[in-house]
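A quick write-up on the structure given underneath.
The values are calculated or read from the model by the stated rules, or taken from the named source; none is laboratory data. The shown structure was predicted, so the numbers you read here are calculated from the model rather than taken from an experiment. Neighbour counts are summed over all protein chains in view; Cβ atoms, including those assigned to glycine, are modelled from backbone coordinates with ideal geometry.
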Amino acid sequence: MLKYLIGAAFFCIATTVVAQRSELGFGIGTFNYTGDLVRNYNFKYSRPAATVIYRSNINKIVSFRAALTGGKIEASEKPIDVFAAQRNASFDIFLLEGSMGIEYHFLNWKDGKVPMRFTPYLFGGLALFGISGNDTKPAEYSNVQMAVPFGGGFKYIVNPRWYVALEFGVRKTFFDYLDNVSDFKDQAQKNYRYGNPNDTDTYYFLGITLTRTFYDIPCPTNPYK
């Protein structure tokens, strides 16, 4: 009998640690970009993207998150001077990102004593991304690069099992060739195909995510304690 009680206790503990804190879901949204071709965020260049996300709720305020996000990034020259007008560059790539980080919820929304169904939140972390589509490279570089994702959102409890969130995230890169334009100068292009090598590119994800929460199976308690 003792071994069954011990086994049940370990099962309850394991289920509580893993299941109660876990969320798994997906989201749809858009990628966007700023860099040498487009200086400011422009909805005109929003392109379809999707994400799969996992969360482990460390406590009622802080969560660990990991995500896989992919989609298209595309833009064409928005001239800011005569050189940019002459360059008339454009690009069209597919980007796949793997990221992990921490979420901070401002409201104690999981407190059973205070029924609160929503909270704003911030997040930050690290990411690796890979790109494909830049067939003609003006310089040698790796298609896999690092980025720093950060941003915020608004999360709402649809019911005890399902959460929905609207999120906007910035991905600050250390890379200047998302748009395939940097400090490169081509004599055939009359030296017009160049950008600012001191200003790296940035991409963005705006989307809605839906996650399912996995709860533990409550262990029986002793009513005579």
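Take residue 119 and decide whether it is at pLDDT 90 or above, within 16 Å of residue 70 (Cα to Cα) and of a type in the set (Ser, Thr, Tyr).
Here the answer is no, as residue 119 does not meet what is asked.
List every residue pair whose Cβ atoms lie under 9 Å apart, where the two residues are 6 or more positions apart in sequence or sit on different chains, the first residue falls within region 68-94 and is at pLDDT below 80 and exposed (fewer than 15 other Cβ atoms within 10 Å of the Cβ), and the second residue, located anywhere, is polar (S, T, N, Q) and in a strand (DSSP E or B).
88/76
Would you confirm whether any residue within region 154-165 is modelled with pLDDT under 95, closer than 20 Å to residue 131 by Cα, surrounded by 13 or more Cβ atoms within 10 Å (Cβ to Cβ) and not charged (D, E, K, R)?
Scanning region 154-165 turns up no residue that is modelled with pLDDT under 95, closer than 20 Å to residue 131 by Cα, surrounded by 13 or more Cβ atoms within 10 Å (Cβ to Cβ) and not charged (D, E, K, R).
Working only within region 34-60, note down all residues that are aliphatic (A, V, I, L, M) and modelled with pLDDT under 95.
37, 38, 58
In this structure, does residue 192 turn out to be surrounded by 14 or more Cβ atoms within 10 Å (Cβ to Cβ), at pLDDT below 85 and assigned to a loop (DSSP other than H, G, I, E, B)?
yes
Which of the residues belonging to region 19-67 are among the hydrophobic types (A, V, I, L, M, F, W, C) and without any contact (Cβ under 8 Å) to a residue 12 or more places away in the chain?
The one that is among the hydrophobic types (A, V, I, L, M, F, W, C) and without any contact (Cβ under 8 Å) to a residue 12 or more places away in the chain: 43.
Would it be correct to say that residue 179 is buried (at least 21 other Cβ atoms within 10 Å of the Cβ), at pLDDT below 95, part of a loop (DSSP other than H, G, I, E, B) and of a type outside the set (Phe, Trp, Tyr)?
Yes, satisfied.
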